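The values are calculated or read from the model by the stated rules, or taken from the named source; none is laboratory data. Small disclaimer: the values here were computed from a predicted structure and weren't measured. Side chains included, ligands, DNA and RNA excluded: accessible areas come from the protein's heavy atoms. Shrake-Rupley method; radii C 1.70, N 1.55, O 1.52, S 1.80 Å.
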Amino acid sequence: MASLQHGDPPRLRVWRTVYIPLIVFGLAVLGTRLWIQSHTRPPENPVFLTARHEIPGYRFVPVALGSGVEDILGTTNLFNGHFLDQRSQRVSVFAAYWQPGQGDGGALFGHTPEICWLGHGFRTLRHGEPSQVFIPMAGRRIPFQCRVLKHPEQPTPEITLWAACIDGRWDDIPYGPPPNQTEGEATIRTYLQGVGRTLATRFASVRRIVQNPFASTARKQFVRFSIPLTTEWQPALAELEAFAHQWLEPQ
């Protein structure tokens, strides 16, 4: 008995397999672009920070990052090294700037110490320090993320502050405290906690960009500074906050 079913005509088959997926894809791209344009708003009272290359009472020792880092970050406007005071106490600093059209959110938020430093062997430690601190500058409270990290080959941990800015708007999403990854607790559980923390950080970066889209002409910057944690975290954090006012100048 002959089959009563017939295959689709060639033209209908082309529409199903080629044109309809292309149309759906095009509408998705166009819709995303229109959504970003409609939700992109210039920040109110934007604040940018300039990292001073010279500080009275300090000697600066530059540290080269290499062309590979410049390629990854998408900018050559980088400042990296150590400030040493008269007692040879060190403050390590890093600053990156992206001109309009340079870099993207991934370059800005994807290379924080929680991601880069952990990828180079550091582990997070918990000493009771806050996950986020606010430093007053130019009449604003600039949010900085705060972490204590330690490398197995270094004798002391490092307490670090960092902040990221897009078009004058500083990232103020609070992060919960990271897991304590001391050498004595280097178990599968703490390792998985660290992986989960990294994934959560990356997800927060994507969510931040979706919730606060920025124009391609936005200026972006990232600053980070740290010192060896040789005391309790409270005086060390106070020292970092005092240094911020010496190193960073609001525009």
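How many angstrom lie between the C-alpha centres of the stretch 228-251 and the stretch 114-133? Value for the Cα centre distance between the two parts: 16 Å.
The residues of the stretch 52-146 expose, per residue, 51 Å² of accessible area to a 1.4 Å probe.
If R224, R90 are ordered by their accessible area, calculated over protein heavy atoms with a 1.4 Å probe, which sequence runs from highest to lowest?
On the way: R224 35, R90 70 Å².
Descending order: R90, R224.
Scalar couplings 3J(HN,Hα) for the stretch 137-149, obtained by applying the Karplus form with A = 6.51, B = -1.76, C = 1.60 to θ = phi - 60°, are 8, 6, x, 10, 9, 7, x, 10, 7, 10, 9, 10, 10 Hz; x denotes Gly and Pro. For N77, the residues whose amide H sits under 5 Å from its own are Y97, ignoring neighbours fewer than 5 places away on the same chain, with H placed 1.01 Å from N. Less than 5 angstrom separates the built amide H of L125 from those of V148, L149, K150, Q181, all sequence-distant by 5 or more or on a different chain. For the set H127, H120, H111, H151, solvent exposure ranked by accessible area (probe 1.4 Å, protein chains only) runs largest to smallest as H120, H127, H111, H151.
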